[in-house]
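The values are calculated or read from the model by the stated rules, or taken from the named source; none is laboratory data. In this text the structure is predicted, and so the values were computed from the model without any measurement. Positions of Cβ are generated from backbone atoms using ideal geometry, with glycine treated the same way; all protein chains shown enter the neighbour counts. Each accessible area value is taken on the protein alone, full model and side chains, heavy atoms only, with ligands, DNA and RNA left out. Shrake-Rupley method; radii C 1.70, N 1.55, O 1.52, S 1.80 Å.
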Amino acid sequence: MDDTQRSPDDHGPLAGFTVGVTAARRADELGALLARRGAAVLHAPAIRIVPLADDSELLAATKELIDQAPDVVVATTAIGFRGWVEAAEGWGLGEALLDRLGTVELLARGPKVKGAVRAAGLTEEWSPSSESMAEVLDRLLEEGVEGRRIAVQLHGEPLPGFVESLRAGGAEVVGVPVYRWMPPEDISPVDRLLDAAVSRGVDAVTFTSAPAAASLLTRADERGLLPELLTAFGHDVLPACVGPVTALPLQARGIDTVQPERFRLGPLVQLLCRELPARARALPVAGHRMEIRGHAVLVDGALKPVPPAGMSLLRTLAKRPGWVVPRAELLRALPGAGRDEHAVETAMARLRTALGTPKLIQTVVKRGYRLALDPVAETKYGDD
């Protein structure tokens, strides 16, 4: 069954919307969650994760933990934990670090990390079989973290919301940075996302770390697109952050973001499932309910994918529903259409075909086109 034949229950709540994903880690997981709910996903990792070239931060964190014992240490990756222990040994602190880790509550995220912990001669207190940081977080929050000092072995981009949730629960969180964030080696996906955002080719952009948000803004500034990007985020493109720390670079630029109550990927996707449909324009037209989404239209709940040129025309008509829009104005709305008004007729024919209900858009001879807004609604809009 193709999209144009689907019943209202066959497509997800994000059908017809395009969502940008800036995450480096767990990007596939986030993309799959979005796609499962019908979204088109534009992947653009805004950062990459590399080992620390300068070990000073890791050395400082290691000395701090040896001198002042934390209540809990969370080991998140096998390679990161091994790298931490090896670095400590190189500084002559290996034995002191292992002694300290042997006296605290040591949690390991999954079997691989547990293997690295045991290879170091330590025993974890607990480890989830699922390798899920969400389970680790749930355990810590259930135990209560108020006033506790928790060290988290970082591995590049923090897992969404983990640190935020611990701090919100009253914990002091000490990061152990084994890796560093850097701009991506291939910047072209980020550039494609920026181009899509400023041209309104995406409906939302998701952020799961503050470095990714900062990196996207920096790249926009380098290309001279920052003012346009901020305008897009302020009006038509929804910036969705996994938590308040992630949102800080955007808020520093005066951009309001949406955030889930629980700082995790699932609630972030659920938030988009509520926010994006609520922002879509819904109109009663020619006896039908028409909802205009990013790259598709719902007509009486049936999903109708529409080409970009058609969406441009439809959005222009929907700005003044029921009113005649001249061909010249519609021509200006078409991307790269030039001066030939025949391009409007061609795009309009394709739009009507895509909608499957030609009477939704009326031709007004020698004047232009109009959405056939239902009479009751037309009076309402005329009074605005």
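Within the range 250-357, what whole-number % of the accessible surface is contributed by carbon and sulfur, with the 1.4 Å probe and all protein chains included in the calculation? Within the range 250-357, the accessible surface is 50 percent carbon and sulfur. Phi angles across the range 199-211 convert, under the Karplus curve 6.51 cos²θ - 1.76 cosθ + 1.60 with θ = phi - 60°, into 3J(HN,Hα) values of 9, 6, x, 10, 9, 8, 10, 9, 10, 10, 7, 5, x Hz, Gly and Pro given as x.
On the accessible surface of the range 55-169, probed at 1.4 Å, how many percent belong to carbon and sulfur atoms? The C+S portion of the solvent-accessible surface of the range 55-169 is 46 percent.
Quick one, can you get me the convex hull of the C-alpha atoms of the range 80-132 expressed as volume per residue in Å³?
Numbers: hull volume 3.3 nm³, N = 53.
About 62 Å³ per residue, rounded to a whole number.
With a 1.4 Å probe and all protein chains left in place, how much accessible area per residue does the chain have, in Å²?
Values: 17500 Å² over 384 residues.
Ligands and nucleic acids excluded, the result is 46 Å² per residue.
Taking the simple approach of a point 7 Å from Cα along Cα-to-Cβ for both Ala168 and Arg36, what is their distance in nm? About 2.1 nm separates the two model spin labels.
Kindly list the residues of the range 161-192 that lie in the label zone of Arg139, defined by a backbone N under 17 Å from the point 7 Å along the Cα-to-C-beta vector. Label zone hits: 162-163, 166. Using a simple spin-label model with pseudo-atoms 7 Å out from Cα toward Cβ, Thr218 and Leu98 lie 3.7 nm apart. Pairs of Lys residues in the chain are counted when their Cα atoms are under 26 angstrom apart and they lie 8 or more places apart or on different chains; the count is 8.
Volume of the convex hull of the range 153-231 (Cα atoms only), normalised per residue: 113 Å³.
Eigen-decomposition of the gyration tensor built on the alpha-carbon atoms of the chain gives equivalent ellipsoid semi-axes of 51, 20, 16 angstrom, largest listed first.
More than 20 angstrom separation, counting every C-alpha pair in the range 187-256; what % is that? Numbers along the way, then the final one.
Numbers: 380 of 2415 pairs.
Here the long-distance tail beyond 20 Å is 16 percent of all Cα pairs in the range 187-256.
Alpha-carbon geometry of the range 304-368: the Rg and the Dmax are 10.7, 29 Å, given in that order.
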